[in-house]
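Inspection log for the structure reproduced underneath, given as structure tokens.
The values are calculated or read from the model by the stated rules, or taken from the named source; none is laboratory data. Source: prediction; values computed, not measured. Cβ sites come from the backbone with ideal geometry, for glycine too, and all protein chains shown count toward neighbours.
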Amino acid sequence: MRRLIPDLSETTVGQQLDSYRPWECAHEDRPYLAMNFVATVDGRATIGGVSGPIGSDADTAMLVGLRTRFDAVMIGAGTMRAERYGRPVADQAVRESRERSGLPPDPLMVIVSGRLDLPWDAPLFTEGAGQVLVFTASEVEPPDTATSLRVVHHEDDVDLIAALRHLRHEHGVRAVLCEGGPHLFAELQGLGLVDELFLTTAPKLAGGGAPRILEGELPAAGELELAWLLEQDGELFARYRRP
Ligand SMILES: NC(=O)c1ccc[n+]([C@@H]2O[C@H](COP(=O)([O-])OP(=O)(O)OC[C@H]3O[C@@H](n4cnc5c(N)ncnc54)[C@H](OP(=O)(O)O)[C@@H]3O)[C@@H](O)[C@H]2O)c1
């Protein structure tokens, strides 16, 4: 892998992320929040309804690497339904490396859901490892799950500002990696809650009606500053932050 920006050199995902310590950037009232997406060159977030076919093994390494650097991983219900998550850090050695950095072995898995229509048979709920916290606007009670599950009810819609405040103050979450999807990204961006965006652009075109990485209205164009740009086999790994 080559680093193109801010300087030219050989690098690896591990080297790039070794000194990345987002938990040191926590806001007083909410965690530091980074988004992570993979997209095609035409900006599409899915091929065949899921994100897996877009990126390479290097993108998977970046995703896994990023998950070693955050207290919590957050997704919207649409992403959970499409991607059917399992334990976010499956590898014992990676969990141990998290602990060496002073992080809990498993990131807290956070799901934002309006209707609580979640795939309860997905490994995340059935494996019995780690912890899941669901913010929902539904009054429906969830089924029993093998994995420890807590549900926080909000009225009407999930108030994302209050949800992030809850994560910061009730769970000590200092940094959240939000892995989408496009509607949750639009909401968080619109509320000014996104600090960084990791975006992999794979050398592929998807076309069709696949969603883009951000789907929804924004109150104003979001300005981004490029913090780094990496390249491997034509795939670009950008890290943007709010100027
Ligand atoms: N390329 C990538 O990196 C990437 C990343 C993530 C996802 N994806 C793809 O994106 C697609 C899913 O897109 P999406 O936009 O539907 O996913 P999403 O943003 O994960 O989920 C949207 C859902 O989240 C819930 N939600 C979001 N904000 C809420 C709020 N304030 N209050 C209550 N509920 C809220 C709602 O759930 P309810 O439906 O329960 O009401 C809403 O329907 C999938 O195909 C997935 O594969 C791609």
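Things worth noting here:
Listed here are the residues, each with its yes/no results for (1) hydrophobic (A, V, I, L, M, F, W, C); (2) in a loop (DSSP other than H, G, I, E, B).
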residue	(1), (2)
192	no, yes
204	no, yes
214	yes, yes
231	no, no
240	no, no
243	no, yes
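- Subset tally (residues that are more than 10 Å from the ligand (Cβ to nearest atom) and either without any contact (Cβ under 8 Å) to a residue 60 or more places away in the chain or buried (at least 18 other Cβ atoms within 10 Å of the Cβ) (or both)) for region 54-68: 10
- Among the residues here, residue 145 does not qualify as part of a strand (DSSP E or B) and at pLDDT 95 or above.
- Taken together, the residues in region 164-182 that are basic (Lys, Arg) and within 11 Å of the ligand (Cβ to nearest atom) amount to 0.
- Residue list for region 135-147, restricted to those being surrounded by 13 or more Cβ atoms within 10 Å (Cβ to Cβ) and within 13 Å of the ligand (Cβ to nearest atom): 135, 136, 137, 138, 142
- Within region 39-53, if we keep just the residues that are of a type in the set (Gly, Ala, Ser) and farther than 10 Å from residue 210 by Cα, the residue that is surrounded by the most Cβ atoms within 10 Å (Cβ to Cβ) turns out to be 51.
- Residue match in region 19-38 (condition: of a type in the set (Val, Ile, Thr), within 14 Å of the ligand (Cβ to nearest atom) and buried (at least 19 other Cβ atoms within 10 Å of the Cβ)): yes
- Whenever a residue of region 100-126 is charged (D, E, K, R), its partners that are not in a loop (DSSP other than H, G, I, E, B), lying with C-beta atoms within less than 9 angstrom and at least six residues away or across chains, give the pairs 106/95; 106/98; 106/131; 115/77; 115/136; 117/77; 117/81.
- Among (1) assigned to a strand (DSSP E or B); (2) surrounded by fewer than 21 Cβ atoms within 10 Å (Cβ to Cβ); (3) within 16 Å of the ligand (Cβ to nearest atom) - the single one residue 150 does not satisfy: (3)
- Region 183-205: number of residues that are near the ligand (Cβ under 10 Å from one of its atoms) and small (Gly, Ala, Ser): 2
- Residue pairs meeting the criteria (Cβ under 7 Å; at least 6 apart or on separate chains; first in contact (Cβ under 8 Å) with a residue 24 or more places away in the chain, in region 71-83; second hydroxyl-bearing (Ser, Thr, Tyr) and near the ligand (Cβ under 7 Å from one of its atoms)): 77/113; 83/51
- Residue list for region 69-81, filter: among the aliphatic types (A, V, I, L, M) and within 13 Å of the ligand (Cβ to nearest atom): 73, 74, 75, 77, 80
- Test: residue in region 116-134 that is under 24 Å from residue 182 (Cα atoms), in contact with a helix residue (DSSP H, G or I) (Cβ under 8 Å, 6 or more places away or on another chain), buried (at least 21 other Cβ atoms within 10 Å of the Cβ) and not aliphatic (A, V, I, L, M): no
- Scanning region 188-199 for residues that are crowded, with 17+ Cβ neighbours inside 10 Å and more than 13 Å from the chain's Cα centre (by Cα) yields 189, 190, 193.
- Sole residue being within 18 Å of residue 112 (Cβ to Cβ) and modelled with pLDDT of 95 or more, chosen from 168, 174, 212, 241: 168
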